[in-house]
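Take a look at the structure below.
The values are calculated or read from the model by the stated rules, or taken from the named source; none is laboratory data. Note that this is a predicted model, so its numbers are computed, not measured. Because the Cβ atoms are built from the backbone with ideal geometry, glycine has one as well, and the counts that use them run over all protein chains shown. Accessible surface areas use protein heavy atoms only, side chains included; no ligands, DNA or RNA. Shrake-Rupley method; radii C 1.70, N 1.55, O 1.52, S 1.80 Å.
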Amino acid sequence: SSGMVRDVTTDKVKWHLVADGPLLERWAVHLTNGAKKYAERNWMKASGQVELDRFRESAFRHFMAWWAGETDEDHMSALVFNLNGVAYVEERMEHDNAQQGT
């Protein structure tokens, strides 16, 4: 009724959908605990192969612990954290390589 024109949302990422279910909150708790221990976004300092390998190893360890039904910690949220870390470092390394022309 105001006459304002907006772009359609068809084919746009629906970011709000990641909040469905309990996992996003569990991941946020994991990040909050990590921020208390190491500092907020400390994990984002990771930038190379050593850190990538560490994230991958940790992801696999937490996957196996989750798969085995271990409940000593929230292995599922730790797995998500580490998978996100892998994706972050891979993207950062690709960007750095592109900047260096390699």
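Scanning segment 1-26 for residues that are surrounded by 10 or more Cβ atoms within 10 Å (Cβ to Cβ), among the charged types (D, E, K, R) and free of Cβ contacts under 8 Å to residues at least 40 places away in the same chain yields one hit, GLU25.
Restricting attention to segment 62-86, which residues are open to solvent by 60 Å² or more (accessible area, probe 1.4 Å) and over 16 Å from the mean Cα position of the chain (by Cα)? Let's see the steps before the verdict.
Keep residues of segment 62-86 that are open to solvent by 60 Å² or more (accessible area, probe 1.4 Å), which gives 63-64, 66-68, 70-73, 83.
If the condition is that a residue be open to solvent by 60 Å² or more (accessible area, probe 1.4 Å) and over 16 Å from the mean Cα position of the chain (by Cα), then MET64, TRP66, TRP67, ALA68, GLU70, THR71, ASP72, GLU73 are the ones that fit.
Looking across VAL29, VAL89, one residue alone is touching a residue at least 40 places away in the same chain (Cβ under 8 Å), open to solvent by less than 50 Å² (accessible area, probe 1.4 Å) and in contact with a Ser or Thr (Cβ under 8 Å, 6 or more places away or on another chain). It is VAL89.
Residues in segment 20-55 that are in contact with a Leu (Cβ under 9 Å, 6 or more places away or on another chain) and in a helix (DSSP H, G or I): TRP43, PHE55.
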